[in-house]
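Here is the structure we will look at, set down as structure tokens.
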Ligand SMILES: Nc1ncnc2c1ncn2[C@@H]1O[C@H](COP(=O)(O)OP(=O)(O)OP(=O)(O)O)[C@@H](O)[C@H]1O
């Protein structure tokens, strides 16, 4: 509770703090004025009406009107102060939470679901804002009305005021019981909102896959469950919270009856004036209203407090990756070295994702990484720009431990194109400038050329072409090329492609690799599912279940390594050449081509195309289908099986026009 208030105070700074204080003062004055009205009313009845003093009645009546108008003016002033203070608080909280999330490392992000972060940034902060703007007034008025009401009631008649001593403790106990029951429900309520947001978010981002798999009904069921879950918790929460209303109403009636009963007999005995009894009844009403206010605001604040804690959790989360006191600010070279590196995503995980990996990648060389699904390829390369820290061992870049660098400098030197490429809403230029805000148009166009994005740039409106929301206006293959171009604009010392060319047709894939190989002095690390994509590499690392299974040149691996040979064979054996010779001939072509035409020589490109059956007269129909099927893969059919199926299908079409295919 204390930490929640501290958080609110910290974010209520400057003029907003002044507005909040002014709001409190204004409400206090307004409430005091309001409390004075029953005193005037009692005077009118006892002295004005009883003595038939019309002048007194008019005078007191005018004072009452003036006080009411003043109270109204103060009420309006309060609304202005409170809304501005609440808005300021919410803006400041949103800014802080956003800044905190920006500082998060991948490991921090793994702890929070995206939907939960979105709910905390939106719903939770709105709950706090609303509680502040609507709860502030009753929060001040309630206690003031209660205390002053009791004081005035006691001033009128202390004996009669004893009724409150009976009713108030009963009410306080009932309220405490309701609050105890409701508090945990509010947290469950916000978690149910998280779940609903999560389902919605997944549904909307994967809408193409949902439609492609005709899973609308299934998704509707999942949404229905989340929606019903929220409805159930809401009903339970608010069903319990509203219990306070009938409770307070009943107490009000009981108090009124008791006051009338005792007060009435006191009037008959001549110990109390009728005006005094009327005035006392007004205070009963005021006190009971104040109690309803207090109970409502209490529940409102309890809900807001849950949200304050949820927001506070995000603000208290510290980035996992520690920065050294005196970091290295320049990456001297693009060399990478893994020394006995082990890694796991969560410290509590049972098994390492990478185990004792040692690997040397000299600056300016090209390493291909191959391995089965889940073998740890992505995990390995993510350690280079320090997206995660190794659990044990060291990762060295440019001869220094990555933990010794300033993180921004390290990441500037490492360009990584991830598996799931993301473009942002805006133009091509705006997206490419993410790589380097200082880049000229010539540099952007050059990067597009290297990434083979120049082929379609004119069709999408050149550098000024609008990519639509989240880059939705381009195909999967075009998206990949633009993402590659964006990374090239950065001019990094190390370039990492994490299966980043999967949506490119083979000819473009080969062309991009040839272009990349022509960049001087850059260390190239390419993770690929297609073996042809890494046959030109200086070395290939084969990962198997988190272990470095083999590391050698592609040619030597082809001769000696069973896993490499198996992957190679499984991808190559589809094709049999035109004249009926078997796939070994094609393999030999690839091998010769790959070894001989190291680092992007044109020969490699040709050999590769030959191996794929494309050079033997593959029609654009085949490539088109391949593109289309891979495009579908990008749209959500993202399983290895579908990709292989697509591949096989594309090659099958190839066979109709050129070679003959199996499989
Ligand atoms: N954020 C994460 N949190 C926990 N475990 C993860 C996370 N990302 C990956 N893993 C696990 O780590 C292991 C290695 O995953 P990784 O993504 O490195 O494999 P990969 O070889 O790149 O696979 P693929 O070829 O399918 O992309 C897998 O078992 C995976 O389930």
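The values are calculated or read from the model by the stated rules, or taken from the named source; none is laboratory data. Only a predicted model underlies this, so the values are computations on that prediction, with no experimental measurement involved. Cβ atoms come from the backbone with ideal geometry, glycine included; neighbour counts cover every protein chain shown.
When restricted to residues that are in contact with a helix residue (DSSP H, G or I) (Cβ under 9 Å, 6 or more places away or on another chain) and within 8 Å of the ligand (Cβ to nearest atom), the range 375-402 contains 1. Of all residues in the range 480-538, those being within 16 Å of the ligand (Cβ to nearest atom), at pLDDT 85 or above and within 26 Å of residue 430 (Cβ to Cβ) number 4. When residue 315 is tested against (1) under 30 Å from residue 384 (Cα atoms); (2) outside any helix (DSSP H, G or I), only condition (2) is not met.
Mind telling me which of the residues 541, 503, 537 ends up being in contact (Cβ under 8 Å) with a residue 12 or more places away in the chain, part of a loop (DSSP other than H, G, I, E, B), within 20 Å of residue 418 (Cβ to Cβ) and in contact with a strand residue (DSSP E or B) (Cβ under 7 Å, 6 or more places away or on another chain)?
Details: 541 fails: part of a loop (DSSP other than H, G, I, E, B); 503 fails: in contact with a strand residue (DSSP E or B) (Cβ under 7 Å, 6 or more places away or on another chain).
Selected residue: 537, the only one of 541, 503, 537 that is in contact (Cβ under 8 Å) with a residue 12 or more places away in the chain, part of a loop (DSSP other than H, G, I, E, B), within 20 Å of residue 418 (Cβ to Cβ) and in contact with a strand residue (DSSP E or B) (Cβ under 7 Å, 6 or more places away or on another chain).
State all residues of the range 383-394 that are buried (at least 18 other Cβ atoms within 10 Å of the Cβ) and at negative phi; if no residue qualifies, say none. Residues satisfying the conditions are 383, 384, 385, 387, 388, 390. Scanning the range 337-374 for residues that are within 12 Å of the ligand (Cβ to nearest atom), assigned to a loop (DSSP other than H, G, I, E, B) and farther than 17 Å from residue 534 by Cα yields a total of 11.
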